[in-house]
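Data first, discussion second: the structure below is written as structure tokens.
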Amino acid sequence: MAYRGRGGRGQPSSASLSRVIPGSLHTFRTCAHNICMVSDFFYPNMGGVESHIYQLSQCLIERGHKVIIVTHAYGNRKGIRYLTNGLKVYYLPLKVMYNQSTATTLFHSLPLLRYIFVRERVTIIHSHSSFSAMAHDALFHAKTMGLQTVFTDHSLFGFADVSSVLTNKLLTVSLCDTNHIICVSYTSKENTVLRAALNPEIVSVIPNAVDPTDFTPDPFRRHDSIITIVVVSRLVYRKGTDLLSGIIPELCQKYPDLKFIIGGEGPKRIILEEVRERYQLHDRVRLLGALEHKDVRNVLVQGHIFLNTSLTEAFCMAIVEAASCGLQVVSTRVGGIPEVLPENLIILCEPSVKSLCEGLEKAIFQLKSGALPPPENIHNIVKTFYTWRNVAERTEKVYDRVAGEAVLPMDKRLDRLISHCGPVTGYIFALLAVFNFLFLIFLRWNILCFNHGIASSIVPLFPDPNKPVFFTSLELLYCWADRSPLHEAAAQGRLLALKTLIAQGVNVNLVTINRVSSLHEACLGGHVACAKALLENGAHVNGVTVHGATPLFNACCSGSAACVNVLLEFGAKAQLEVHLASPIHEAVKRGNRECMEILLANNVNIDQEVPHLGTPLYAACTYQRLDCVKKLLELGANVNHGQWLDTPLHAAAKQNSVEIIHLLIDYGANLKCKNAQGQSALDLAAPKSSVEQALLLREGPPALSQLCRLCVRKCLGRNCHKTIHKLYLPDPLEKFLLYQ
């Protein structure tokens, strides 16, 4: 919400703030990144890529980064949608060509993608899936715009057939000048390095993951008198649907107590329907159709065995989800699947009907003989293997590394294309890159004229009364096209330049495409003198950007208490509507305690709940801001009010913060409160962790002195920290009541 580009042809602001050790992914993160995930495959479409993008984005947001997602429209789902935690998704009106992948002419997507990259101040483009035309378009345009690029390959390809040769050549063009590539398994890395002729040093392996809390076993949901085999997959050729059609009649004939539950949709569904009709298996083969991700667990827990028949797979998330639900996994031995689970949790087979039937029979025998481990034991093993927080942390290191790398200038990019992609393909795409650059220049010029006009774009940049220097429209082409010189002066804290521009009649309330004013920029940079000059000349103190951010929000983001005070003096609203970005929550998130105290002194509701952040106390616990937690509790924040049914204690348990847990309990936190999933803070604590020990230690009844203290504070109300001083109590007792 409080993000901006730095303009010019240099590196974005985040690029200069990350130090990288050569040859390593160990970096020192000093700033947040503005990340744009791009792929044709996203919700409501279901699959491993879609789940990967969503879960990774959520964890990156949790770690303080700004993340948006760009995909194509799905039916009536067009425009901008917001998902959990304010995750912003652009559904673009682009034509789908085949299998949910958009048609591409390379240039048609540039105006839309450029507008989004500029509007959102994106610094890193992260594309997903070799099958996605939009992902490759975004990489191509991002390099033209001078943005850092990352690509994640989720699939494996061959080398012999015509389609593989063409796809591999396209991948070579797309990745030859990409900053970094991520693969989901070591097999996938070898495959991608060979296909695209890449330097292995710029390719990292970061596996997929599963949220173990979403996939827990429930043995009571399945019938032990019947053996149930579950299949959850797209019903397409490469997922082995033809193999499945051969397995079903053979095993159903051999085992009368066997049934299949099949979830998923695709062009090969007709084959399974024909098998079910031909062998009269309507009561033993259930075809559920397309499943939403939230329904997958409810299907998995009904089964005993999970079957995966994929013919090619870089990393199969479905088998991890199934194992997390306690199912015995039987899978084809292809791609990166052997790397995913240990041998005792998976039976690997060759991709043939005979081998898979043998593997399933082995699993059925183990099930009937009681040789399989209990579902709960399998879940406890799997939940330690792959976690999205670990994936996000490792991906963050990749971002930190690429942020410190230079984007190839146009001349070197053309040389790379020609030398790396061959004489024919290289020259063709080098020519396309030149056309793309010229089209980008035209778009910048066109928007510049629309927003400012050629005449009005010539204004002094450096105020020298004797020798003025002018900022021409040609120079503006290399800045964010919709930012005026007044924005630049405010963002960089150049007070003299700013006052000169104002004196020349520049409108102080000029806004960018996404409604960012110069006052927003000054407050985000913590430039109090610039902010005051703008306010004195009529700047709107409560101006709102398209993201709902006000200048006060930006001041809290930068941690400038001086800016906060100035804004409040000029009438800034400290308490905003729920749909707008909350200044106090931003101050708490970033640990800016002084800004938080100023807002509370100006009658901001200390227990204001924002849908995606909860109350300020809940946000402080989530982001482990101990100072803010202490101060909020001292000032009377409700210790049991968090985010809907989640309490601050739940947040502290999730973050493994023992000190905050002790503090919350001292102030009367209820250990027995349960969230929407029926879990207490103790249920969320990692087994045998210091958090679990702290919660168990405090689980019993509190001491009488503690009960008395809580009772007295409750009787005195929220302002007890002020009232206690007026009771003329002995110093030891007063300090005890004030937790001093």
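The values are calculated or read from the model by the stated rules, or taken from the named source; none is laboratory data. Keep in mind that this is a model prediction, so the values were computed, not measured. A quick note on method: Cβ atoms are made from the backbone with ideal geometry, for glycine too, and the neighbour counts reach across all protein chains shown.
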Margin query: Kindly evaluate Ile68 against the criterion of being under 9 Å from the mean Cα position of the chain (by Cα) and not aromatic (Phe, Trp, Tyr).
Written below: yes
Note to self: With the requirement that a residue be free of Cβ contacts under 8 Å to residues at least 24 places away in the same chain and either in a helix (DSSP H, G or I) or among the aromatic types (Phe, Trp, Tyr) (or both), what does the range 692-713 give you?
What the structure shows: Glu692, Gln693, Leu696, Leu697, Leu704, Leu707, Cys708, Cys711
Note to self: List pairs: first residue in the range 401-412 and in contact (Cβ under 8 Å) with a residue 24 or more places away in the chain and farther than 16 Å from Ile182 by Cα, second residue in a loop (DSSP other than H, G, I, E, B) and not aromatic (Phe, Trp, Tyr) anywhere in the structure, Cβ distance under 6 angstrom, at least six positions apart or on different chains.
What the structure shows: Gly404/Ser18; Glu405/Asn179; Val407/Gly146; Leu408/Asp177
Next item on the list: Restrict the check to the range 723-735 and report whether at least one residue is of a type in the set (Ser, Thr, Tyr), surrounded by 12 or more Cβ atoms within 10 Å (Cβ to Cβ) and at pLDDT 85 or above.
Entry: no
Next item on the list: Could you grab the pairs with beta carbons closer than 6 Å, sequence gap of 6+ or different chains, first residue in the range 41-54 and in contact (Cβ under 8 Å) with a residue 60 or more places away in the chain and crowded, with 24+ Cβ neighbours inside 10 Å, second one part of a helix (DSSP H, G or I) and not hydrophobic (A, V, I, L, M, F, W, C)?
Entry: Phe41/Glu50
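So which helices (runs of 4 or more DSSP H) stay within the range 473-575 end to end and still have 2 or more residues that are in contact (Cβ under 8 Å) with a residue 40 or more places away in the chain, in contact with an Asp or Glu (Cβ under 8 Å, 6 or more places away or on another chain) and crowded, with 20+ Cβ neighbours inside 10 Å? Even if it seems obvious, please write down each step before you answer.
On the way: elements: 473-476, 485-492, 495-503, 518-524, 528-536, 551-558, 561-569.
Where helices (runs of 4 or more DSSP H) fall fully within the range 473-575 and carry at least 2 residues being in contact (Cβ under 8 Å) with a residue 40 or more places away in the chain, in contact with an Asp or Glu (Cβ under 8 Å, 6 or more places away or on another chain) and crowded, with 20+ Cβ neighbours inside 10 Å, they are 485-492, 551-558.
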Margin query: Please go through the range 614-632 and give me each residue that is out of contact with any strand residue (DSSP E or B) (no Cβ under 6 Å at 6 or more places or on another chain) and crowded, with 23+ Cβ neighbours inside 10 Å, ordered by number.
Written below: Thr615, Pro616, Leu617, Ala619, Ala620, Cys621, Thr622, Arg625, Cys628, Val629, Leu632
Notebook entry, point to check: If Thr84 passes every condition in (1) closer than 30 Å to Leu432 by Cβ; (2) in contact (Cβ under 8 Å) with a residue 12 or more places away in the chain; (3) out of contact with any Lys or Arg (no Cβ under 6 Å at 6 or more places or on another chain) but one, which one does it miss?
Noted result: (1)
Next item on the list: Could you list, in sequence order, all residues of the range 307-333 that are assigned to a loop (DSSP other than H, G, I, E, B) and touching a Gly at 6+ places or on another chain (Cβ under 9 Å)?
Entry: Thr309, Ser310, Leu311, Thr312, Glu313, Ala314, Phe315, Cys316, Cys325, Leu327
Check: Out of all the residues in the range 263-306, which are exposed (fewer than 15 other Cβ atoms within 10 Å of the Cβ), in a helix (DSSP H, G or I) and under 32 Å from the mean Cα position of the chain (by Cα)?
Finding: Lys294, Asp295, Asn298
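Every residue, every condition in (1) free of Cβ contacts under 8 Å to residues at least 60 places away in the same chain; (2) crowded, with 23+ Cβ neighbours inside 10 Å; (3) β-branched (Val, Ile, Thr), yes or no:
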| residue | (1), (2), (3) |
| --- | --- |
| Ser101 | no, no, no |
| Thr104 | yes, no, yes |
| His108 | yes, no, no |
| Pro111 | no, no, no |
| Ser129 | no, yes, no |
Check: For Thr216, are the conditions met, namely being under 24 Å from the mean Cα position of the chain (by Cα) and touching a residue at least 60 places away in the same chain (Cβ under 8 Å)?
Finding: yes
Next item on the list: Scan the range 415-429 for residues that are more than 33 Å from the chain's Cα centre (by Cα) and either of a type in the set (A, V, I, L, M) or assigned by TED's automatic domain parsing to the domain that holds Leu110 (or both) and jot them down.
Entry: Ile418, Val424, Ile428
Note to self: Of everything in the range 576-600, what is assigned to a loop (DSSP other than H, G, I, E, B) and among the basic types (Lys, Arg)? Give them in sequence order.
What the structure shows: Arg590
Margin query: Would you confirm whether or not the range 207-224 contains a residue that is aliphatic (A, V, I, L, M) and in contact with a Gly (Cβ under 8 Å, 6 or more places away or on another chain)?
Written below: no
Notebook entry, point to check: What are the residues in the range 145-171 that are under 27 Å from the mean Cα position of the chain (by Cα) and within 24 Å of Leu414 (Cβ to Cβ), if any?
Noted result: Met145, Gly146, Leu147, Gln148, Thr149, Val150, Phe151, Leu171
Next item on the list: Tally the residues that are surrounded by 18 or more Cβ atoms within 10 Å (Cβ to Cβ) and on the phi > 0 side of the Ramachandran plot, restricting the search to the range 381-423.
Entry: 0
Check: Out of Ser245, Ser233, which single residue is small (Gly, Ala, Ser) and within 28 Å of the chain's Cα centre (by Cα)?
Finding: Ser233
Item checked: Members of the range 322-345 found to be modelled with pLDDT of 90 or more and surrounded by 24 or more Cβ atoms within 10 Å (Cβ to Cβ), listed by number -> Ala322, Ala323, Ser324, Cys325, Gly326, Leu327, Gln328, Val329, Val330, Ser331, Thr332
Notebook entry, point to check: When you look at Ala651, is it in contact (Cβ under 8 Å) with a residue 12 or more places away in the chain, under 29 Å from the mean Cα position of the chain (by Cα) and over 17 Å from Asp607 (Cα atoms), yes or no?
Noted result: no
Check: Got a sec? Which helices (runs of 4 or more DSSP H) wholly within the range 623-691 have at least 1 residues that are in the same structural domain as Ile584 (by TED's automatic domain parsing) and either basic (Lys, Arg) or touching a Cys at 6+ places or on another chain (Cβ under 6 Å) (or both)?
Finding: 626-634, 648-654, 658-666
Note to self: Checking Phe260 against (1) out of contact with any Phe, Trp or Tyr (no Cβ under 8 Å at 6 or more places or on another chain); (2) within 23 Å of Gly370 (Cα to Cα); (3) not in a strand (DSSP E or B), only one condition comes out false. Which one?
What the structure shows: (3)
Item checked: Close pairs (6 angstrom Cβ cut-off, 6 or more residues apart or separate chains): touching a residue at least 24 places away in the same chain (Cβ under 8 Å) and more than 12 Å from Pro616 (Cα to Cα) in the range 590-603, in a loop (DSSP other than H, G, I, E, B) and of a type in the set (Ser, Thr, Tyr) anywhere -> none
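Using the structure shown, decide if Leu626 is farther than 26 Å from Leu87 by Cα, under 27 Å from the mean Cα position of the chain (by Cα) and of a type in the set (A, V, I, L, M).
When the stated conditions are applied, Leu626 passes them.
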Note to self: Consider the range 255-285. How many of its residues are closer than 24 Å to Asn99 by Cα and charged (D, E, K, R)?
What the structure shows: 5
